[in-house]
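The values are calculated or read from the model by the stated rules, or taken from the named source; none is laboratory data. This is a predicted model, so every value here is computed, not measured. In this analysis, Cβ positions are derived from the backbone assuming ideal geometry, glycine residues included, and neighbour counts consider all displayed protein chains.
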Amino acid sequence: MSGHLNAMGRSMSASPDDPHDPTPAVPPAAVTLGVRERHAAVGSGRSRTVFDAPPTLANMMGFVQGGFLAGMLDSTMGLAVRSLLPAGATAPTLEMKVTYLKPATIGTLTGYGRVIKLGGTIGFLDAELQDADGDTVALATSTVRVVRPRP
């Protein structure tokens, strides 16, 4: 299998605006986070997600609130693991650790996700979130539970 996945882990060969596609190209949570682009080559275990963080994500100091940064990192790692899963499988997050390195300004943030190890039932992932200048604003690691479809 080759190609790229959309936000729902489907092949990007179909248009996200295709009225015959029963699944939206971008899930509502990703829309809230300001997702603009999502890329993960099937089988790569890596992903890149570009977010345009809107002002509605700002905390009282005017920076992106940390919980939203965690959501961006989680979304980026989720796409990376989906690139390795068979059709119908999922990998919900069991736990996640986030390290905040500097305040994230409203605007473009890019996440890079990676599968460190994927076993039969558990996976270990990490991600980095960079600002428009390429500076790392946050890092995350997570453990996911692999749920495969029943035969």
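Of everything in region 97-112 that is of a type in the set (A, V, I, L, M) and either modelled with pLDDT under 95 or in a strand (DSSP E or B) (or both), the residue that is farthest from the chain's Cα centre (by Cα) is Val98.
Tell me the residue from Leu94, Leu84 that is surrounded by fewer than 19 Cβ atoms within 10 Å (Cβ to Cβ), of a type in the set (A, V, I, L, M, F, W, C) and not in a strand (DSSP E or B), please. Steps first, answer last, please.
Numbers: Leu94 fails: not in a strand (DSSP E or B).
On inspection, the qualifying residue turns out to be Leu84.
Listed by first and then second residue, the pairs linking a residue in region 44-60 that is within 18 Å of Met77 (Cβ to Cβ) to a residue that is of a type in the set (Lys, Arg) and crowded, with 17+ Cβ neighbours inside 10 Å, with Cβ atoms under 6 Å apart and 6 or more places separating them unless they lie on different chains, are Arg46/Arg114; Thr49/Arg38.
Each row is one residue, and each column tells you yes or no for (1) within 25 Å of Thr32 (Cβ to Cβ); (2) touching a residue at least 40 places away in the same chain (Cβ under 8 Å).
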residue	(1), (2)
Ala91	yes, yes
Leu101	yes, no
Ile106	yes, yes
Tyr112	yes, yes
Gly119	no, no
Phe124	no, no
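Of Val144, Val50, Val115, all but one fail to be within 14 Å of the chain's Cα centre (by Cα), modelled with pLDDT of 95 or more and over 21 Å from Ala29 (Cα atoms); the exception is Val115.
Would you mention how many residues in region 23-49 are part of a strand (DSSP E or B) and within 21 Å of Lys97 (Cα to Cα)?
Going through region 23-49 one residue at a time, the tally reaches 4.
Test Leu73 against the stated conditions and say whether it is more than 10 Å from the chain's Cα centre (by Cα), assigned to a helix (DSSP H, G or I) and surrounded by 14 or more Cβ atoms within 10 Å (Cβ to Cβ). Break it down stepwise before answering.
On the way: more than 10 Å from the chain's Cα centre (by Cα): no; assigned to a helix (DSSP H, G or I): yes; surrounded by 14 or more Cβ atoms within 10 Å (Cβ to Cβ): yes.
So Leu73 does not fit the description; no.
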